[in-house]
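A.B. asks: Quick one: the structure is below, and I'll ask about it shortly.
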Amino acid sequence: MKANPKNIITWLLIIVVPIVGVTLVGGFLRYTEPGLMVEIVKNHFAATIGLPMAALLAAFIVVGLRHSDGPIKFEGLGFKFEGSSGQVVLWVFCFLSITAAIRLVWGIG
């Protein structure tokens, strides 16, 4: 059975990105004064936790759709998106709609 390079890169990203994120957050927590991160998260929860979670949720939606139904293709407003560009545009739409929902229900601004 031959390994598909796209699958290898996908799984590598699925494994490496969370490890890098945890390492960066862990380093930030270790080298800042105690309580600073807690204060930042309390004052800016929607920005510090909500937006990264929205980005992850949008990514999982796009990856889930791609794996369940194949390549993403769509047309709109005179544009045609296929392949990687379709995934990027769908991710942007998902991310913006999730952040708009967070803003709407959070009552920010």
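A.B. asks: Do you know which residues across region 55-91 are in contact with a Leu (Cβ under 9 Å, 6 or more places away or on another chain) and touching a residue at least 40 places away in the same chain (Cβ under 8 Å)?
C.D. replies: Once the filter is applied, which keeps residues that are in contact with a Leu (Cβ under 9 Å, 6 or more places away or on another chain) and touching a residue at least 40 places away in the same chain (Cβ under 8 Å), region 55-91 yields only 58.
A.B. asks: Kindly indicate whether any position in region 82-103 is within 21 Å of residue 6 (Cβ to Cβ), of a type in the set (D, E, K, R) and not assigned by TED's automatic domain parsing to the domain that holds residue 14.
C.D. replies: Checking region 82-103: at least one residue is within 21 Å of residue 6 (Cβ to Cβ), of a type in the set (D, E, K, R) and not assigned by TED's automatic domain parsing to the domain that holds residue 14.
A.B. asks: Residues in region 73-87 that are in a strand (DSSP E or B) and surrounded by 10 or more Cβ atoms within 10 Å (Cβ to Cβ): how many?
C.D. replies: Qualifying residue count, region 73-87: 6.
The values are calculated or read from the model by the stated rules, or taken from the named source; none is laboratory data. Bear in mind the structure is a predicted one, so any value in this text is a computation, not a measurement. Note that we place each Cβ from the backbone using ideal geometry, even for glycine, and neighbour counts take in every protein chain shown.
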